[in-house]
Structures are given as structure tokens and as C-alpha cells.
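Peer 1: Please see the structure below; I have some questions.
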Amino acid sequence: MIKASVKKHPWFKRILIGGFLLLVAGGVVVWYIFTDTFSDTSDRKAAFTVNAQDLLHEFQENDSLANKKYAEKIITVNGRISELETADTTVNVKIIDTLTDAYIIFAFQQQHLAETRGLKEGDSISIKGSCSGGTYSQILETEFVTFKRCAVNK
């Protein structure tokens, strides 16, 4: 009489299948994270529209409260350009409060760099961007607010 072969390790096959499924799921998550892109800021609706000096004063008065209100939101800021910082592939626009030396710095999206090439110090401007938040720098002894993914608001 022939005996049917007894499976010695039935759990081993289940572990391999489970490990393979986890590996595939992990690969999908990694692919999604690495290929995730932000929508164009110029197409997004601003949560707030503020004057640059008022925004700086709000951060100077209580940066914790201002960060809760503005951080990671699309904001339109109106003001006058104080400085332009240009590099090979980027342009940063600064609006400075001359009384306190507090400033806002805007980093522009790659597709909007051409718009910034024609800007000059002293120009009035409206910029839409994602507020990264503000903080007080003890080294610089001033408050600053940073924006990312910016575009000139038209």
C-alpha cells in the first residue's frame, strides 16, 4: 500500500505568498510616493489673500497661532519686491519689512521661472504659494516666513 506524502511545512508556502504580497504592496506605495506631483499652484484657489506687511506682523505677534492658521495652505500675498535672489535654475523673491528686518521669501515652481525673470526690485506683486510657515531666527535675530511652489498671481 502506498502512503500519500505528508506535507511537512504547510505554513512555509503561506509565508512566501504573504511576503510576496507585502513586497508588491510596498512597491506600489514607494512608486506612488516617488511619482507624486503637486498640482500647479496658479490653478489652486487661495485660502487667504493678505498684504505682506500684515502677514509679517501676524507672525511677529504670535508665530504659533499664525503657523496654525497659514501653514501648508495656499495663500495670495500682495507686496513690493525688496530683493531678488537668482541662481542657475531658481529665483527667490523677498519682501522685507524695513522696520523690523522680518521677511517673506518665495520659491517659485520650475514652470513659473520665466515669469520671474522680468521682475525688478521695487515692483508691486501678487504671489500665490504654499506657506511653509514662519519662525524666529536667533542667529539672524528676525522673523521670516517661507513659501514654496509659488507662482505670480494674475
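The values are calculated or read from the model by the stated rules, or taken from the named source; none is laboratory data. Keep in mind the model is a prediction, meaning the values are calculated, not measured. Because the Cβ atoms are built from the backbone with ideal geometry, glycine has one as well, and the counts that use them run over all protein chains shown. The area values use the complete protein model at the heavy-atom level, side chains included, leaving out ligands, DNA and RNA. Shrake-Rupley method; radii C 1.70, N 1.55, O 1.52, S 1.80 Å.
Peer 1: Name every residue in the range 88-106 that is modelled with pLDDT under 90 and part of a strand (DSSP E or B), in order of residue number.
Peer 2: Residues satisfying the conditions are Val91, Asn92.
Peer 1: Residue check: is Gly18 under 30 Å from Thr142 (Cα atoms) and open to solvent by less than 60 Å² (accessible area, probe 1.4 Å)?
Peer 2: In short, no.
Peer 1: Just to be sure I understand, how many residues within the range 32-48 are at pLDDT below 80 and not in a loop (DSSP other than H, G, I, E, B)? Let's see the steps before the verdict.
Peer 2: Applying the first criterion (at pLDDT below 80) to the range 32-48 yields 35-43.
Retained after the next criterion (residues that are not in a loop (DSSP other than H, G, I, E, B)): 35, 41-43.
Summing the residues that are at pLDDT below 80 and not in a loop (DSSP other than H, G, I, E, B) in the range 32-48 gives 4.
Peer 1: Out of (1) open to solvent by 50 Å² or more (accessible area, probe 1.4 Å); (2) more than 21 Å from Asn67 (Cβ to Cβ), the odd one out for Val91 is which?
Peer 2: So the condition that Val91 fails would be (1).
Peer 1: With the requirement that a residue be at negative phi, open to solvent by 20 Å² or more (accessible area, probe 1.4 Å) and of a type in the set (Asp, Glu), what does the range 119-154 give you?
Peer 2: Glu121, Asp123, listed by residue number.
Peer 1: Being open to solvent by less than 70 Å² (accessible area, probe 1.4 Å), within 15 Å of Ser132 (Cβ to Cβ) and of a type outside the set (Lys, Arg): is that true of Val77 here? Explain how you work it out, then say what you get.
Peer 2: On the way: open to solvent by less than 70 Å² (accessible area, probe 1.4 Å): yes; within 15 Å of Ser132 (Cβ to Cβ): yes; of a type outside the set (Lys, Arg): yes.
Against the criterion (open to solvent by less than 70 Å² (accessible area, probe 1.4 Å), within 15 Å of Ser132 (Cβ to Cβ) and of a type outside the set (Lys, Arg)), Val77 qualifies.
Peer 1: Please determine, by comparing only the residues of the range 45-70 that are small (Gly, Ala, Ser) and in contact (Cβ under 8 Å) with a residue 12 or more places away in the chain, which one is surrounded by the fewest Cβ atoms within 10 Å (Cβ to Cβ). Reasoning before the result, please.
Peer 2: To start, the set of residues in the range 45-70 that are small (Gly, Ala, Ser) comprises 46-47, 52, 64, 66.
Next, from what is left, pick out any that are in contact (Cβ under 8 Å) with a residue 12 or more places away in the chain: 46-47, 52, 66.
On the way: Ala46: 16, Ala47: 13, Ala52: 23, Ala66: 21.
Among those that are small (Gly, Ala, Ser) and in contact (Cβ under 8 Å) with a residue 12 or more places away in the chain, it is Ala47.
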